[in-house]
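Chemist: I have a structure I would like to understand better, so I am pasting it below and will then ask my questions one at a time.
Rule-based calculations on the coordinates, nothing more; no lab input. On a predicted model such as this, the values are computed, not experimentally measured, just so you know. Neighbour counts are summed over all protein chains in view; Cβ atoms, including those assigned to glycine, are modelled from backbone coordinates with ideal geometry.
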Ligand code: GDP
C-alpha cells in the first residue's frame, strides 16, 4: 500500500496534547526490541519513520502518527527494558494508563510479542491490561522469519497459553524481513477503524 500523507502529529505525554479531530486510533505496544518500529515502518511503507531503537526504553512519549487524515497509529513506549529505572517505569505506566482510560477514539490495540519465545510477564500484564479496558487486541508475533515453519503451531500454542488469549481476539505471525502478515494486519486495522 502506498501512502502519501503520514504525519507525526505530536509526541504527547498529557491528554491536553492528544489530537482533537476525532480520527480513529489504534495503539501499538510491545516490549523494547520486539520489532515495533520495524512493524510500523513496514505497515506504512517507510524506511525509517518510526526509529528502530538504538536505545530501547528511552522514548517515554506517545507518538501519534496520522495516516492520510483517516486514522492514527499511537506508538507507545516499549516496556520491559531492564535498565529503565523504577521511576521511569511508573511514569510509563501513568502515561499509558491515562491514555487507555480516557481515549474515546481508541478502537483497538496491536500487541507485539516475539514469535520465538514464550511471552514475558510484562507481555502477559500488558495483554490483560488491554483486555481490562475491553479493547479488541491483535497479537502480532514478530520476527517469524527466525523460526521454522514446523514450529509455527507449537509457538502459537505457547504464546496463546501464556497470554491466556481471548478467542475473540486475533493472532498473526509477522516478519519485517519477508513482510508475511502485512495484509492480515492491515485487514484487522481496517475492520476496527472502518477506514
Ligand atoms: P522496537 O524496539 O520494538 O522498535 O524494535 P525494532 O523495530 O527497532 O527492532 C529491533 C531489532 O530487531 C532490530 O535490529 C531489527 O532489525 C530487528 N527486527 C525487527 N523486526 C524483525 C523481523 O521481522 N525479522 C528479523 N529477523 N529481525 C527483525
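Chemist: Per DSSP H run of at least 4 residues, take -39500 (n - 2.57); add these up for the chain, divide by its residues and hand me the 222 nm value, nearest 500 deg cm²/dmol. Intermediate results must be reported in sequence, preceding the final value.
Modeler: Details: 5 runs with 61 residues, N = 195.
Result for the chain: -10000 deg cm²/dmol, rounded to the nearest 500.
Chemist: Okay, moving on. Considering the chain, what Rg and Dmax in Å follow from its alpha-carbon atoms?
Modeler: Just the Cα atoms of the chain yield Rg and Dmax of 15.6, 49 Å.
Chemist: Evaluate the distance, in nm, between pseudo-label points positioned 7 Å from the Cα of residue 168 and of residue 120 along their respective Cα→Cβ axes.
Modeler: Calculated label separation equals 3.0 nm.
Chemist: Oh, and also: Put a dot 7 Å past each Cα toward the Cβ at residue 145 and residue 97; how far apart are the dots in nm?
Modeler: Here the modelled spin labels are 3.9 nm apart.
Chemist: Report the relative contact order of the chain, percent, no decimals, based on alpha-carbon pairs under 8 angstrom and at least 6 residues apart.
Modeler: With pairs under 8 Å counted, the relative contact order is 23 percent.
Chemist: Please give the Cα centre distance for region 1-52 versus region 141-178, rounded to the nearest Å.
Modeler: About 23 Å separates the Cα centre of region 1-52 from the one of region 141-178.
Chemist: Calculate the FRET efficiency for residue 178 and residue 14 from the Cβ-Cβ distance with a Förster distance of 41 Å, rounded to the nearest 0.05. All intermediate terms of the calculation are to be shown ahead of the outcome.
Modeler: On the way: r = 39 Å, r/R0 = 0.95.
Calculated transfer efficiency: 0.60.
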